[in-house]
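Here the structure is laid out as structure tokens; the discussion comes afterwards.
None of the figures in this text is laboratory data; all of them are computed from the coordinates on show. As the structure is a computational prediction, the values presented were derived from the model and not from experiment. Every residue, glycine as well, gets a Cβ built from its backbone with ideal geometry; the counts of neighbours run over all protein chains shown.
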Amino acid sequence: MKIADERQERDKKMLLADKKDYRRGYKKHYQLYLRLRNANSDTNSRRLLLVYSVECGLKYMLLDKWNERTPEHILNGADDRKKDILKSHNLEKILKELGQQGNFKFPRLETIHKNVASSESYHQLYRYCIRMQDRQQEKEKKIEETLNSVAYWIEEGM
């Protein structure tokens with residue numbers, strides 16, 4: 001029984017990616033996003049790549065700020081705040097840690113299922129192609145513009 005518990009605990013852990021991985025993920029995903037945008041390709045797919053590229057870039061910036069090459073020390077350490085931020089998909093929380101709170105505004109969207117999507121759930125929104133309530137196209141465009149602004153800020157910091 002103990003082996004099964006250990007395996008279950010191990011499976012909950014975040015996969016390790018170092019700064020090079022995060023940087024490469026940011027660059028590759030963002031380059032493909034730009035190609036899809038220029039080709040006017042599927043909106044959900046390109047926005048999903050944009051969300052993930054920004055998340056990779058922000059996690060690169062976190063490790064850089066914390067003077068860590070790899071997140072292993074943080075994930076195995078006692079600093080629950082850093083651990084929580086590093087494991088998070090909440091772009092606003094990560095930006096706050098990077099001293100950018102309030103510099104980038106992310107609108108909230110309401111799905112047809114009456115859920116509210118924030119920056120923490122954008123990846124789910126676009127991964128599952130969840131439909132929005134009517135008349136939210138401007139908010140979705142604003143999300144894409146804001147994510148591009150964050151990507152530009154990341155690029156300057158790399």
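Side notes on the structure shown:
- Local electrostatic count at CYS129 - Lys and Arg +1, Asp and Glu -1, tallied over other residues with Cβ under 14 Å: +2
- Near-label residues of the stretch 122-158 by backbone N, under 12 Å of a point 7 Å along Cα→Cβ of SER41: none
- The gain in end-to-end length when the ARG108 to ARG24 segment is fully stretched comes to 27.4 nm, 0.36 nm per residue minus the alpha carbon separation.
- Pairs beyond 25 Å (Cα-Cα), from LYS82/LYS141; LYS28/LYS65; LYS27/LYS114: LYS82/LYS141; LYS27/LYS114
- The stretch 64-158: GluC sites (Glu not before Pro) in DSSP loop, at most 15 other beta carbons within 10 Å: GLU120
- Check: the stretch 109-158 dipole with +1 on Lys, Arg Cβ and -1 on Asp, Glu Cβ, in debye: 320 debye
- Contact order normalised by residue count of the stretch 42-133, Cα under 8 Å, 6+ apart, percent: 31 percent
- Qualifying trypsin sites (Lys or Arg not before Pro) in the stretch 93-143, DSSP loop, other Cβ atoms within 10 Å at most 14: LYS105, ARG108, LYS114, ARG131, ARG135
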